[in-house]
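Throughout, read-outs are computed from the coordinates displayed, never taken from laboratory work. Predicted, not measured: the structure shown is a model, and the values here were computed from it. Here the Cβ positions follow ideal geometry from the backbone for every residue, glycine too, while neighbour counts run over all protein chains shown.
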Amino acid sequence: VTLLIPGGGKKEKKKKKGGKEKGYSTTAFVEPVRDGGACILFAGGRRSKGSDSSGVEVEEDDDVNAIDPILAPPHPVHRGDRGSLALDLTERFPLMFDTMSRDDLDATVTQLLSQGPSRASSVRCNAYHYRCAALLGDAAHATGGVSGQGVNSAFVDAQVLGDCLDEAFADASSSPFFFADIAAGVKIRPALLAYSQRQVPEGQALYDLSFGAEGELSVLRKLRSLLANARDTIFGGKFGIGRPVLQVQLSSTLKSFSDIRRVRNKYNGEKFPDQDEWAKKISEIYPSGTADS
């Protein structure tokens, strides 16, 4: 998969009426398919107040909910003007569309104008197992792909699941009912419950740390978070002042995501439960003692 950034890596800026600049942060993911073709996925979001995600300042009278015309058919900017959309694509993603044949470009424009955008949704799992099935790597989707903490979290899931299975079967091989126990899930289900109890907190913590607090924070919490971020950016834990910035903590320390999240309780809207609270909550959802659990 190839990631294309608008303008060949430069911040994308687009002139708006009145001389003000309006920017969009839409990117394009290009995935090869059979027969030498490619699938293009455009990804972007709404702009927010202050500045949009491409760093362009948003004026007070701007529509802060504006969506890139590429992502919002029927594209008011391009309605009735296929050539305008084709030119827009070519200027913003020259590495892809400058080298594309006219027929392929026309086909791309046709498809963009005929289909609606989809919206990503975030789902947090309350358990990582069900009966004898386990979910691994769920928290990886809460992160960006640059620093690798997402795939690392998936590897940790695999390691913890292996540890839980080893612990569950440590003394089972000498049992005359060993294979019957495996078939009935007698050993596997408690192991999967233990896996959920250990890793669901890590996934929830990584989600919180990646997306920030949900809901509106008080002025005091916002100010405290702003000052702490400034301190950490300047000192980064040097001389015993502050801590490494959050991204460094997530990607290059051995501290668990849940421990990092608990330290940041005062910056988030909700207190993060301790490990015992998580274990109790998950065991109430899927107890391991019955055959149907």
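Before moving on, here are some points about what is shown:
- Extension reserve of the E284-F29 stretch, reckoned as 0.36 nm per residue once the Cα distance is removed: 87.7 nm
- Taking label positions 7 Å along the Cα-Cβ direction at both F42 and L254, the computed distance is 4.8 nm, reported to one decimal.
- Here the label points at V151 and A228, each 7 Å from Cα along the C-beta direction, are separated by 3.1 nm in the simple model.
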